[in-house]
Structures are given as structure tokens and as C-alpha cells.
Amino acid sequence: MRAIPYGRQSIEQDDIDAVVETLTADFLTQGPKVKEFEDKFAEYIGVEYAVAVNNATSGLHLAVLALGLKKGERVITTPITFAASANCVRYAGGEVWFADIEAGTYTLSLEHTRQLIESKPKGFFKGIIPVDFAGLPVNLEDFRALADEHNLWIIEDACHAPGGYFTDSKGVKQMCGNGNYADISIFSFHPVKHIACGEGGMITTNSKKLYETLTSLRTHGITKENMTKNDGGWYYEMQELGFNYRLTDIQSALGITQLAKNKAGVIRRNKIANTYKTAFKGKIKYQNLFEGAFNAHHLFVIEVEDRKELYDYLKTEHIFAQIHYIPVHKLPYYKEIGYNSADLSKSENYYSKCISLPMYPGLTDEEQLFVIEKVLSFCGV
């Protein structure tokens, strides 16, 4: 049997054809495919505006800048995430504070976030960055109420969750990234994610003002909007200090074909997840699904006592599991600057046991059953 990774991109002939067509067209970057990708992604998510960027980390960076984060200002996020969810705050000179996770969902704890906010003076924090971990949405309606109470903004890190949703108190399905409860949301198009562009990301928002700021910052802060009839076609103005965070037409062409297959991909991911759950129910702990939520399943995470031993054992069977994630506050950089300011015991307990099993649409039934057999055999259940 071939090696089985924890994640793998699915590239088909239509993806290849779309890239080749763009390679032979007039624009490799700053052309029509970028806007087409943005428009189709916005329609899929159900949001007003989408801004394509070269990766999700750039998107997070632009998000905190667009929301006005300044040096020394404080933002709360989860330690169980990729470091970029916290690093974006540091890029702007802000301070990162971590709140603990829910033991069942592995997502940022609303109650722990509330306790952290209320333990400090009014205005101490500026924003919250919840993460839709492993594809499971955060209930942003609850976080929005908390944020509004304390005049905070919300950036939804939805990198794991295109196609996921939660159901709000009115019974409405709220797609991850639709902007109804978060000010800005971020998606990733890394190869192991749902939509593979090689690298790439998308920022979504319902705010026209934020959209205009994001598009300006994405391209050096340069605009041609103030041209007059006396200006030449070459004329432009740099209105603010921005960045070159553009996505290319080549990547956008791939993103368009990948996006068209995401609905089917998420259905397949949930079929794989349900097979795991049936096999492990009552034997091995896995991520909870709260009522009204739909998990897009970037990952399928279980908890076991002998995590390192299971990881090594699976590797001998050519099953390449992964660990998501080392708690950010435990990374040497964050330990040195000392932002571990709260009790994060649930996050640390989760990390001591978590392991991500293979989860991607191309995983065959035979391969999954092989993975399940080896995990159950190791665990003696």
C-alpha cells in the first residue's frame, strides 16, 4: 500500500487545464482571473467582499492593520492553532494574550475569553481572533455579543473551514467567513487545505470601508483612483505604506477549479469523519460536534494517552499522521516574550494527547480501514 499522509491535495485534469490556459493567456498576475476567483469565492461563502492574497498569513497581517491595531495593543486568541494566528498581532507590534480551549471542541473557550477580558480594565483588549479549528466553526454569534459588550473587533481564522457553518439563535445557517458576526475572516489555500493554490489566501468582509483598505494595503498602498484627465496613463499615487501580498492569475485559475469541487470535497470529508467516528465511538476520544454545527473537516483529530508511541507506530506502517498543534504559548519565541498569562491547562492537556489521522477527499475506503485497524490495534480496543 502507498504511503498515507495526514493530508494531500487533489489535482485533476480540469485543474491542470485551467492553469495551462492561464499560462498561455495575456496575464500571469494582476489580470482577470484574480477578480473572477474573488467573486466566485464571495458567492460561495455568502459575503459581500473577498480579497485574494498570496497566503493566509498575509491575510491575517492585513486584517489587523485594516482594523487599526497599534503597537502595544492587546488581542486574544487560542494557543491551539498555527502560529500565524498569533504572529499577525506581533507584526503590528501588538501583544498576544491566550485564552484556553473547550475540552470537547478544541476551539477557543467563550467563558475563558470572557473571564480574561473581565479580569482587566475596560479597553485593555482590542480584539479577538477565534479559530475554526480542524474545520469546526466557532459559534461567532456568542463571541460577537461578548465583543460588542467590550467594544472589540473579531477576526475569524477560517483557514480550516471553507464550507463549514454553525446555526445561530434564529435558526439561520451561518457559513464560515460570511461576515455576519466577524469583522474580517481569513481562508488558506495551502496544498493540504480544502482548496489548493500551491500557496494563497482569501480575506472576506461585509464592510466596504475595510474592503477598500485591504485592497489598498495588498498592493503597496498604491491607487490610480485620483487620476484627472491631465494625468498620463502611467500616473499613480501611493496613499499609504502597503505590501505586495497579491495572488497571481495562475494560482487564481487553480483556485477557481478547486473551489468548484469544494462542496463535493466537504461531503467526502464528512463521510470519512463519520467512518472514523463509527469505528472509534466509545473507545477513542475525538472532536465533539455541537448542535447546529457542520464541520468542514480539514482534520480528524483523536486523543490517546501514548500519542508519541502511536505516531511512531503508524509511521512504521507508512501512515504519516501529524500533530495539530504545539500550543503557541509553548513555542520558544512566545515563551521568551512571556505572553502565557492565563491558565491554559486544557490546551496543554489536549496537546499531550492529540494526533491527526489521514483526512482528505482522495483517501480511499481501503486506506481508511487500514488506518482504523492500525489505530485500534495499537490502542488495544
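The values are calculated or read from the model by the stated rules, or taken from the named source; none is laboratory data. Just so we're clear, the structure is a prediction, and the values are computed from it rather than from any experiment. Here Cβ is always computed from backbone atoms with ideal geometry, including for glycine, and neighbour counts include all displayed protein chains. Side chains are part of the model used for accessible areas, which takes the heavy atoms of the whole protein and leaves out ligands, DNA and RNA. Shrake-Rupley method; radii C 1.70, N 1.55, O 1.52, S 1.80 Å.
When the square roots of the Cα gyration tensor eigenvalues are ordered a ≥ b ≥ c, the ratio a/c for the range 318-358 is 1.5 or more and a/b does not exceed b/c, which makes its shape oblate. For the chain, the fraction of 1.4 Å probe accessible surface lying on carbon and sulfur atoms is 52 percent. Packing-based ranking of 325-333, 280-288 yields 325-333, 280-288, ordered from highest to lowest mean Cβ neighbour count within 10 Å. Annotation note: GluC sites (Glu not before Pro) in the range 267-337 located in DSSP loop regions with a Cβ neighbour count of at most 11 within 10 Å are Glu291, Glu305. Average accessible surface for the range 243-378: 46 Å² per residue, computed with a 1.4 Å probe over protein heavy atoms with every protein chain in place.
Please work out whether the range 205-359 counts as rounded, prolate or oblate from its C-alpha gyration tensor, where a ≥ b ≥ c are the square roots of the eigenvalues and a/c under 1.5 means rounded, while otherwise a/b larger than b/c means prolate and anything else oblate? In terms of gyration-tensor shape, prolate. Given a 1.4 Å probe and the protein chains as shown, Arg269 ends up with an accessible area of around 10 Å².
Here Lys71 is the anchor, and the aspartates and glutamates within straight C-alpha reach of less than 15 Å, apart from those fewer than 8 places off in the same chain, are Glu95. Among beta bridges identified by DSSP and lying wholly in the chain, the antiparallel ones come to about 60 percent. The length gained on full extension between Phe124 and Phe320, counted as 0.36 nm times the residue separation minus their Cα-Cα distance, comes to 66.3 nm. The charge dipole of the range 171-278, taken about its Cα centre with unit charges on the Cβ of Lys, Arg, Asp and Glu (plus for the first two, minus for the last two), comes to roughly 880 debye.
Compute the Cα gyration tensor for the range 179-230, then decide on rounded, prolate or oblate, letting a ≥ b ≥ c be the square roots of its eigenvalues: rounded whenever a/c is under 1.5, prolate when a/b is larger than b/c in the other cases, and oblate in all that remain. Oblate shape, in that a/c is at least 1.5 and b/c is the bigger or equal ratio. Each label was represented as a point 7 Å from its Cα along the Cα-to-Cβ direction; for Ser345 and Asn274 these points are 3.8 nm apart.
Length gained on full extension, Ala83 to Glu291, computed as 0.36 nm times the residue gap minus the Cα-Cα distance: 72.0 nm.
Relative contact order for the chain: 24 percent, from Cα pairs under 8 Å spaced at least 6 residues apart, divided by residue count. Each Lys and Arg Cβ is given +1 and each Asp and Glu Cβ -1; about its Cα centre, the chain then shows a dipole of about 460 debye.
Comparing Gln9, Ile319, Cys176 along the charge dipole axis of the chain, the residue lying farthest to the positive side is Ile319, per the Cβ-charge model. From the alpha carbon centroid of the range 311-371 to that of the range 202-249 is 39 Å.
Per residue, the range 10-162 exposes 38 Å² of solvent-accessible protein surface, assessed with a 1.4 angstrom probe and all protein chains in place. The charge dipole of the range 112-156, taken about the Cα centre with unit charges on the Cβ atoms of Lys, Arg (+1) and Asp, Glu (-1), comes to about 260 debye, rounded to the nearest 20. Projecting the Cα atoms of Leu259, Phe280, Leu310 onto the charge dipole of the range 233-310 (Cβ charges, centred on the Cα centre) puts Phe280 farthest toward the positive pole.
Only protein heavy atoms count here; on that basis, with a 1.4 Å probe, Met175 has an accessible area of about 50 Å². Selection among Gly242, Leu152, Leu116 by position relative to the dipole of the range 115-259 gives Gly242 as farthest towards the positive end (Cβ unit charges, Cα centre).
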